[in-house]
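The values are calculated or read from the model by the stated rules, or taken from the named source; none is laboratory data. Given the structure is predicted, the values throughout are model-derived calculations rather than measurements. Note that each Cβ is placed from the backbone with ideal geometry, even for glycine, and that neighbours are counted across all protein chains shown. Just so you know, the surface numbers come from the protein's heavy atoms only, side chains and all, with ligands and any DNA or RNA stripped out. Shrake-Rupley method; radii C 1.70, N 1.55, O 1.52, S 1.80 Å.
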Amino acid sequence: MTVSIQQDALIQQETARSGASALERREVSTELGPVTVRVQQGLQAATSEATVYLHGAAGSWTTFQPLLSKVPDIDRVLIDLPGWGESTAGARPEELSVEAMGRAVVGILDSLGYRRWSLVGHSMGGFLALHLAAKWPDRVARVAAISPTTFAVAEAARGPLRSLFGFPAFVGMLLAMRSMAALGPSGSALIRATGATPLMGLVLSPLFADLSAVPRHVIRGLASDARPASFAAAVRAAADYDFGQWCAIRCPVLATRGDSDVFTPASDFSRLVDLVPHVWLEAIPDCGHFANIEQPAIVQRLLDALRST
């Protein structure tokens with residue numbers, strides 16, 4: 001928690017220097033328990049549209065920090081999804097289905113008064129953003145899916161040992177998270193303690209193209225944000241998901257992956273093109289799974305281009 005508080009303070013300081021309004025912390029009740037969100041006002045006052053950020057299964061809203069320096073045109077909403085970050089109170093991993101998470105996000109945005117959304121999702125958040133676009137097509141204006149974890153993850157969830165050879169980085173992470181989840185709170189505590197040591201850098205190195213360029217506070221933050229039971233639950237939810245739903249997506253979709261991304265293989269994008277009608281694919285150079293951390297300037301340019309469509 002100390003690391004999260006320090007990160008929050010750092011983000012607020014950098015936001016203030018950029019001239020953007022402060023992030024306002026709010027708590028919203030959902031069917032999955034209370035959820036913490038942060039809202040940043042945009043230049044356009046009293047609008048019912050927002051850009052909504054959905055993090056991955058190995059992080060929290062703070063992983064989007066490098067994308068927050070620009071003053072937004074419309075409001076930003078950054079959600080700690082149920083079971084992650086500051087939204088763990090009352091969250092039960094066995095209830096964290098894709099459908100329930102989607103309903104929770106819609107309920108949050110309804111309660112905040114936002115009727116139309118531009119979705120920016122990373123990893124699991126990209127998967128969730130595509131689900132929302134399929135189920136609520138009239139309300140989703142556009143989707144940016146940064147390294148969405150989709151088909152290969154679902155296949156690994158159904159048979160980890162079968163996927164071990166072809167998808168070793170993810171299967172290794174899944175087995176490690178399942179082991180930590182079996183330890184209960186002690187597992188999360190062990191990961192947090194490891195976050196301050198070089199070992200955590202070694203564990204996370206497959207996720208980045210150049211780990212030496214990633215600030216130490218980011219590594220510590222990812223360790224602090226680890227929620228093993230929620231991670232394992234998210235993977236289970238992907239196993240039985242009906243990807244055919246994505247044929248109903250009507251909005252423009254930007255899907256990116258790093259050129260050395262071990263969690264979002266290029267084969268996933270080949271399948272995505274077959275399902276999603278209006279998808280624009282981008283490979284980001286010198287980048288692993290966290291483009292929002294490793295290459296934020298490129299990601300922001302792509303987001304700006306998507307918004308202009």
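Summary of values
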{"quantity": "Selection status of residue 189, over 20 Å from the mean Cα position of the chain (by Cα) and either surrounded by 20 or more Cβ atoms within 10 Å (Cβ to Cβ) or free of Cβ contacts under 8 Å to residues at least 12 places away in the same chain (or both)", "calculated": "yes"}
{"quantity": "Meets criteria (buried (at least 19 other Cβ atoms within 10 Å of the Cβ), under 17 Å from residue 230 (Cα atoms), among the charged types (D, E, K, R) and touching a Ser or Thr at 6+ places or on another chain (Cβ under 9 Å)) for residue 80", "calculated": "yes"}
{"quantity": "Lone unmet requirement of (1) part of a loop (DSSP other than H, G, I, E, B); (2) within 15 Å of the chain's Cα centre (by Cα) for residue 69", "calculated": "(2)"}
{"quantity": "Residue ID - farthest from residue 253 (Cα to Cα), chosen from residues in the range 142-161 that are open to solvent by 10 Å² or more (accessible area, probe 1.4 Å) and not in a helix (DSSP H, G or I)", "calculated": "149"}
{"quantity": "Of the criteria (1) more than 23 Å from residue 291 (Cα to Cα); (2) over 16 Å from the mean Cα position of the chain (by Cα); (3) in contact (Cβ under 8 Å) with a residue 24 or more places away in the chain, which one residue 167 fails", "calculated": "(1)"}
{"quantity": "Filtered residues of the range 269-293 (kept if open to solvent by less than 40 Å² (accessible area, probe 1.4 Å), in contact (Cβ under 8 Å) with a residue 60 or more places away in the chain and under 28 Å from residue 212 (Cα atoms))", "calculated": "287, 288, 289, 290, 291, 292, 293"}
{"quantity": "Subset tally (residues that are closer than 12 Å to residue 122 by Cβ and part of a loop (DSSP other than H, G, I, E, B)) for the range 289-302", "calculated": "2"}
